[in-house]
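Below is one structure; the comments refer to it alone.
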Amino acid sequence: MESNDYLMESEDEISRLTAKTDGKALETQARWAGVEPGMRVADVGCGPGLTTALLRDIVQPGGEAIGIDRSAARIEHARQHYKAEGMRFVCRDISDSLLDLGQFDFVWIRFILEYFRSNSIEIVKNISSIVRPGGLLCLADLDYNCLTYYGIPPRLERTIHMAVRKSEEEANFDPYAGRKLYSYLYDLQFQDIRVNLYPHHLIYGKAMEADIFNWAKKIEVISKKFEFLFGEYPGGHDEFREEFNAYFRNTGRFIYTPLIIASGRKPL
Ligand SMILES: C[S@@+](CC[C@H](N)C(=O)[O-])C[C@H]1O[C@@H](n2cnc3c(N)ncnc32)[C@H](O)[C@@H]1O
C-alpha cells in the first residue's frame, strides 16, 4: 500500500468509526480542552461526522462546527446524517492549505496524527494556521496503540506486534503518537499548554459489543492489507483470527490504551 493511504480504509469504516465513538467521553474531553458555546470549531479528520455533530451541540447557542475529511464517502455520509444549523462538512486533504476555511476559535484533531508518523509535525503546523491568534489547538491521540495486552498467548502477541511494526514501516502508522503532542505545541510556541490522560480502551471482564466489533475490524483490515505471514499459525489467518477472538472474549484478559490530549493557546 502507498504510505499516504489511510491505513484503516475499508467498506465498513463508517460503521466502525460511528460504533466506537463514545459521545459522553468526547464531550468530557472537548469541554476539558476548552470548547465553549459560541465558538467556531474545526473537527479535523472528522470521519463520518458524529464527532462534529457532538462538537456542534456543545458550541450552541451561536457557534459553528466544520468537519473536514479526505474521504468523499464519509463526508457524504456526514452530510446525509447530521444536518443542523451551525454545522457543515468539507472534503479536503489536511496536508493541503485550509486557509480558505477561515479562522477558528478551536481546532480539534483526534485519532489522526497516529496515521502520520513521519510527518505529523507538518500536519500540526498546517492546521495551526487556521487557529485564530488567541484561539485553542487541541491534539488528541493514543499511546502504545494496539500494544498493551495482558493474559495474551505469546504467539498472538508476537504476531500483533509484527503487524504494528509493518504498519509503522509501510503505512506511516505511529503507535506512540500520544506522547509527542505536548512537544508539538511547545515547539510551535503555543501558550498555557495543558495535558490530560484518559483511559481510551480499558477492557476487562465482558467486552462490550462495540469493542468486539472495533477490534475484530482492526485485525481484519490490517491483516488483509499486509498479508503478513502467520508463520506461527499452521492454520493461517483463520487460526490467528480464532485465537484473537477467543482471547478478546476471555473475561480474564486485560487491555488498556491511554488517550493523551494536549490543548494550547496560539500566541497573539
Ligand atoms: C480514525 S478516523 C478519526 C475520526 C474522528 N476524528 C474520531 O475522533 O473518531 C481518521 C480519519 O482521518 C481521515 N484522514 C486520513 N488522512 C487524511 C488526510 N490526509 N486528510 C483528511 N482526512 C484524512 C480518514 O479519512 C478518517 O476518516
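Read the figures in this text as sums done on the coordinates, not as results from a lab. Owing to the predicted nature of the structure, the values given are computational and were not obtained by experimental measurement. When we count neighbours, we look across all protein chains shown, and the Cβ atoms used for this are built from the backbone with ideal geometry, even at glycine.
Straight-line reach from K266: which lysines fall under 25 Å, measuring Cα to Cα and dropping same-chain residues less than 8 apart?
Filter leaves K125, K180.
Please give every one of the lysines within straight-line cross-link reach of K24, meaning a C-alpha to C-alpha distance under 21 Å, and leave out same-chain neighbours fewer than 8 residues apart.
K83, K206
Just going by the charge dipole of region 49-135, with Lys and Arg at +1 and Asp and Glu at -1 on Cβ, which of V131, A72, S95 is farthest out on the positive end?
With unit charges placed on the Cβ atoms, the residue in question is A72.
How charged is the neighbourhood of A216? Take every other residue with its Cβ under 14 Å from the Cβ of A216, and add Lys/Arg as +1 and Asp/Glu as -1. Before the final figure, lay out each step's value.
Values: positive: R16, K20, K217, K218, K224, R241, R249; negative: D12, E13, E209, D211, E220, D238, E242, E243.
Around A216, the charge tally is -1.
Would you mind pulling out the separation of the Cα centroids of region 198-268 and region 59-130, in Å?
26 Å
P(r) of region 186-268 in 10 Å steps, Cα pairs, percent per bin?
14, 31, 24, 17, 12, 2, 0
Which value in deg cm²/dmol, rounded to the nearest 500, describes the helix-derived mean residue ellipticity at 222 nm for the chain, given -39,500 (n - 2.57) per DSSP H run of n ≥ 4 and division by the residue count? Please list the in-between numbers first.
Working: 9 runs with 104 residues, N = 268.
After summing the helix terms and dividing by the residues of the chain, the value is -12000 deg cm²/dmol.
If you average the sequence gap of Cα pairs under 8 Å that are 6 or more apart and divide by the length of region 13-265, what percent do you get for the contact order? Could you put the intermediate results ahead of the total?
Working: 454 pairs, mean separation 51.6, N = 253.
Reported as a whole number, the value is 20 percent.
Give the lysines whose C-alpha is closer than 19 Å to that of K225, dropping any in the same chain fewer than 8 places away, or say none.
Partners within reach: K166, K217.
State the antiparallel share, in %, of DSSP beta bridges confined to the chain, rounding to the nearest 5.
Numbers: 20 of 40 bridges.
If we restrict to bridges inside the chain, about 50 percent are antiparallel.
Along the charge dipole of region 13-265, which of L142, P175, G23 sits closest to the positive end, that is, farthest toward it, with unit charges on the beta carbon of Lys, Arg, Asp and Glu (+1, +1, -1, -1)?
G23
Out of every Cα-Cα pair in region 150-226, what percent are more than 20 Å apart?
On the way: 1552 of 2926 pairs.
Cα-Cα pairs of region 150-226 separated by over 20 Å account for 53 percent.
Just how large is the dipole of the chain about the Cα centre, in debye to the nearest 20, putting +1 at every Lys and Arg Cβ and -1 at every Asp and Glu Cβ?
On the way: 33 positive and 39 negative charges, 138 e Å.
Here the chain has a charge dipole of around 660 debye.
Computed over the Cα atoms, what is the radius of gyration of region 13-265 divided by 2.2 N^0.38 Å, N being its residue count? List each step's numbers first, then the result.
Values: Rg = 18.8 Å, N = 253, 2.2 N^0.38 = 18.0 Å.
So region 13-265 has a normalised radius of gyration of 1.04.
Report the charge-dipole magnitude of region 31-161 in Debye, nearest 20, computed about the Cα centre from +1 at each Lys and Arg Cβ and -1 at each Asp and Glu Cβ.
Values: 15 positive and 16 negative charges, 41 e Å.
For this selection, approximately 200 debye.
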